[in-house]
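Submitted below is the structure of interest, expressed as structure tokens.
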Amino acid sequence: MERFHILVGDITHSDAEAVVNAANTSLLGGSGVDGAIHRAAGPQLLEACRRLNGCETGQAKITPGFRLKARYVIHTPGPIWQGGGLGEPALLASCYRSCLELAAAYGIQSVDFPSISTGIYAYPLPQAATVALRAIMSFLAQHDLPRRVGMVCHTEAAAAIYRQTFNLWYAEEKSDRL
Ligand code: APR
């Protein structure tokens, strides 16, 4: 599906209309993607986030992108991995869906995601990639916006896992159609 692509890079350099921030529930910044996006967007992002009064895991809230190329930042706190038996997959899927619903509601044409929860929150990458791709592809199958979604992986190794997972999903999708 040409509406979705996987790339390697730094999400703060994204030219998508919106970038997703792998935040925490306080929305007051952190390290990883959160730290990089706040550093690149500048101090106004934190001021805007303070006015949002936090965000629940699996939900999403939107701010301007300020000094980022991206016009918007969509903040979503992912689940912390605790073994997979405490609702982590459903919460992670909800992160992707909530961000896409918000993007569609704002008429946003393109959204770039980082690999939510797979850093400090320790969600194993293969499991996270399966959840992420299923959530993104099912949303895109039912909505016209956003027109383009990217998964921005910080390393080639992470991108390889997303590509393998995508090919598996695509093969299943095609066999379901036969
Ligand atoms: N661009 C793209 N991807 C990045 C970047 C970047 N600049 N920096 C890190 N990543 C990747 C990591 O390699 C990981 O695969 O983003 C993924 C998510 O990692 P984290 O940023 O650690 O996010 P997460 O695992 O969701 O943990 C969230 O970390 O920074 C804090 O405040 C944040 O408490 C929250 C927690």
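The values are calculated or read from the model by the stated rules, or taken from the named source; none is laboratory data. Keep in mind that this is a model prediction, so the values were computed, not measured. Neighbour counts run over all protein chains shown; Cβ positions are idealised from the backbone, glycine included. Heavy atoms of the whole protein, side chains included, go into the accessibility calculation; ligands, DNA and RNA do not. Shrake-Rupley method; radii C 1.70, N 1.55, O 1.52, S 1.80 Å.
Are any residues in the range 158-169 without any contact (Cβ under 8 Å) to a residue 40 or more places away in the chain and in contact with a helix residue (DSSP H, G or I) (Cβ under 9 Å, 6 or more places away or on another chain), and if so, which ones?
Result: I161, Q164, T165, L168, W169.
In the set S110, S138, S115, which member is in contact with a His (Cβ under 9 Å, 6 or more places away or on another chain) and either closer than 16 Å to Y96 by Cβ or at pLDDT 95 or above (or both)?
Of the residues listed, the single one that is in contact with a His (Cβ under 9 Å, 6 or more places away or on another chain) and either closer than 16 Å to Y96 by Cβ or at pLDDT 95 or above (or both) is S115.
A further question on this structure: When you check T25 against the structure, is it assigned to a loop (DSSP other than H, G, I, E, B) and within 25 Å of Q142 (Cα to Cα), yes or no?
no
Here are the criteria: (1) in contact with a strand residue (DSSP E or B) (Cβ under 9 Å, 6 or more places away or on another chain); (2) open to solvent by less than 60 Å² (accessible area, probe 1.4 Å); (3) under 28 Å from T165 (Cβ atoms); (4) more than 14 Å from the ligand (Cβ to nearest atom). Tell me which single one T76 does not satisfy.
T76 satisfies all of (1) in contact with a strand residue (DSSP E or B) (Cβ under 9 Å, 6 or more places away or on another chain); (2) open to solvent by less than 60 Å² (accessible area, probe 1.4 Å); (3) under 28 Å from T165 (Cβ atoms); (4) more than 14 Å from the ligand (Cβ to nearest atom) except (4).
Let me ask something additional. What pairs come out if I take residues in the range 137-157 that are more than 20 Å from N167 (Cβ to Cβ) and among the hydrophobic types (A, V, I, L, M, F, W, C) and pair them with residues that are part of a loop (DSSP other than H, G, I, E, B) and open to solvent by less than 10 Å² (accessible area, probe 1.4 Å) whose C-beta lies under 9 Å away, six or more apart or interchain?
Pairs found: L145/I108.
Pick from A36, A48, A40, A23: which is within 9 Å of the ligand (Cβ to nearest atom), of a type in the set (A, V, I, L, M, F, W, C), over 16 Å from the mean Cα position of the chain (by Cα) and open to solvent by less than 40 Å² (accessible area, probe 1.4 Å)?
Of A36, A48, A40, A23, the one residue that is within 9 Å of the ligand (Cβ to nearest atom), of a type in the set (A, V, I, L, M, F, W, C), over 16 Å from the mean Cα position of the chain (by Cα) and open to solvent by less than 40 Å² (accessible area, probe 1.4 Å) is A40.
Name the residues in the range 28-72 that are touching a Gly at 6+ places or on another chain (Cβ under 6 Å) and over 27 Å from Y123 (Cα atoms), would you?
F66, R67, R71
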